[in-house]
1. Of the residues E431, E479, only one is without any contact (Cβ under 8 Å) to a residue 12 or more places away in the chain, away from the ligand (no atom under 11 Å from the Cβ) and within 39 Å of the chain's Cα centre (by Cα); which?
2. Under 21 Å from V461 (Cα atoms) and hydroxyl-bearing (S, T, Y): does that describe Y325?
3. Here are some conditions: (1) away from the ligand (no atom under 15 Å from the Cβ); (2) more than 30 Å from H294 (Cβ to Cβ); (3) buried (at least 20 other Cβ atoms within 10 Å of the Cβ); (4) of a type outside the set (A, V, I, L, M). R414 meets all but one. Which one does it not meet?
4. Regarding the stretch 254-270, can at least one residue be identified that is more than 29 Å from the chain's Cα centre (by Cα) and either under 30 Å from D342 (Cβ atoms) or among the basic types (K, R) (or both)?
5. Counting only residues that are farther than 14 Å from K94 by Cβ and either outside any strand (DSSP E or B) or in contact (Cβ under 8 Å) with a residue 12 or more places away in the chain (or both), how many does the stretch 115-133 have?
6. Of all residues in the stretch 373-396 being within 16 Å of the ligand (Cβ to nearest atom) and assigned to a helix (DSSP H, G or I), which is nearest to Y290 (Cα to Cα)?
7. Only one residue in G217, G178, G170, G184 is surrounded by 14 or more Cβ atoms within 10 Å (Cβ to Cβ), at positive phi and within 33 Å of the chain's Cα centre (by Cα), so which one is that?
8. Please go through the stretch 97-130 and pick out each residue that is loosely packed, with under 11 Cβ neighbours inside 10 Å and touching a Cys at 6+ places or on another chain (Cβ under 7 Å).
Amino acid sequence: MRSIRDVSEKESKVASVSSPFDQRTSQQRERELTDFVENVAVALHWVAEDGTILWANAAELALLGHSREDYVGRNIKEFHVDEHAIAEILHRLKNKENISNCQARLWCKDGSIRDVCMSSSVYFENDKFVHTRCVTLDNTAQKRSEDLHERLFAIVESSDDAIISKDLNGVIQSWNRGAERIFGYTADEIIGKHISILAAPDRVDEIPNILDRLIRGERVDHYITKRKTKNGRILIISLTVSPIRDSSGRIIGASKVARDITELHQQQAALRAANDALIRSNADLQQFVYSASHDLQEPLRMVSIYGELLQREFGGKLGSVGGEYIGYTVEGALRMERLLRDLRAYTLVSTSAQEPTEALDAADILEKTLVNLTTMIAESGATITMSALPRVRIHKFQLEQLFQNLIANAIRYRSGEPPRIHVDATRRETEWLFCVEDNGIGIAPQYKEDIFGLFKRLHSVSEYPGTGMGLAICQRIVERTGGRIWVESEIGQGSKFFFTIPS
Ligand code: ADP
C-alpha cells in the first residue's frame, strides 16, 4: 500500500527554500504533512484504479463509523448505495477525468446512509494511473433539510385548501395553488397585495381584528366567514389563522388556511330545510293517525253496539243467514276497534315526552306486567322465570308494554307444550341486553325482520288472534331509547327475542 509520503515528496519540491518552514528537514516536513492530512477535519481517502481503498484518514473513518481494518483494503463500491453511479465514477477517473461536487450516498457501519458530496482527482505518474484522491463532504443534514423543505412545499402546493402567509401588516407573502383555485388570483397577481382584497364587502371590518389577535399570539380556529373571489363571487370560508414566529420566537407574520365550504354550507342548509319539513310532515302524519284512530273508534262502537242490539232483538226474525251476516258485522267492527287501539298505542310511543332521567327497576315492571297477564298465564299453564334484572332509563308504561307484548306473544304462539318463558338481562359495554325466551312454535328465519313491520302477521286471525302491531310497538319503544330489537328462532325451536337499552 502506498503511503502519504509517495505523493507529498514530489509536490514538496516546488516550495521555496526561503521560508522558515522549508528550512526544516524533509523528514520533519513529511511528518507534519502526514500528521495534517491524517487528522484534518475533512474526510479523505485514496482508491486504486479498480476501486480498492488504499488509505483513509480519521475523518473519513469517523464519517462512516468504520475502523481502519474494516475499511482500507475493501472496494469502495461496497460502500456506495448506488452501484451504477460508483461504477460510472471509477470509469471516468480511469479516463483521467477529475470529478468535482458529485452527489453520492454511502453506507455507514450501523446501516444508516449518509448523503455526501465528493470530489476526486486522479494522480498519474509517467502517464500511469497511481491512485485517486477523494474528498468527501457530509451533506446529510443539508440534504435532509432540503428534502423536508421540498416535501413541505409539495404538501402545501397539493393541498385543496388555500394556504396563504401574510406579514403583520396583512400583506400577502405566499400563495399556494389551492388559493389560486379557490380565489382565482395567481400568486404573481396577489403577492404583495393587502389581505383585505379577499374580504367580502360586509366582512372588511373583521380583518384588523384578526391581525390584532395574531399580533397578541392568538390563533383563529375554524372561523366561518365570507370571502370574495377575483370575479366577485362570495364564498363561505372556514378559516384557521396562526401566528408565524422566527427562531427567536418573535411573531413575524401569519399562516392562513382557508377551506371553501360554500357547497357544504348550501347542502347543510338544504338538508336542514328538508329535515324541518320532514319533522313537520311527520308530526302532521302522526297527528292525523292519532286523531283518525281516535275519532274512528266512536262510529265503530256504534256499529258494534247496534249490530249486537239488532242481533239480540231481531236475530230470530232475520233467519240463520241474516244472523250470520250480523255476526260478521259485529266481529269486523270489534277487530277494527282493536286495530285502531293498537295504531293509537303505536303513535303514542313517539309523542311521549323525553326519556326519563330516573332509572327504574325492570324486575318491578316485569312483576306488574305478569299481574296484568294473570288470566292468560293461568289458562295456558305458563311458567315464567327471570334472572336478576337491572335498573334502566325508560318510561314505565313503555317498558310494561314491551314486556307485555313479548310475554303475551310467547304465550299465544305456544306449541303443544305448556309455555316456559325466561327473561334475563346481561350487561354489555354501554347497554343492557334483555332476552325473552320461549319454547313456542318458533319463527322461520326468513320472517325474522318482517314480523316487526306494521300489521305484519304470519298467521290468520282464526288460527291466532292478533293485529300484527305488537312487535311494531316494541320496536318503536326500543328504538326510542337508542336500542334495537331482534329475534333468533327456528320453526319448532322456540324463540329468543333480544332487545337492548342503553345503560
Ligand atoms: P300479533 O301477535 O298481534 O300478530 P305481533 O307484531 O306481536 O302481532 O307479531 C307479529 C307476528 O310475529 C305474529 O303474528 C306471529 O306470527 C309472530 N310472532 C311474534 N311473537 C312470536 C313468538 N313468540 N313465537 C312465534 N311467533 C311469534
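The values are calculated or read from the model by the stated rules, or taken from the named source; none is laboratory data. Not measured: the values here are computed from a predicted model. Note: ideal-geometry Cβ built from the backbone for every residue, glycine included; neighbour counts use all protein chains shown.
1. Just one listed residue meets the conditions, E479.
2. So Y325 fits the description; yes.
3. Condition not satisfied by R414: (1).
4. No, the stretch 254-270 has no match at all.
5. Of the residues in that region, 7 qualify.
6. It comes out as M376.
7. Only one candidate qualifies: G184.
8. Correct list: N101 only.
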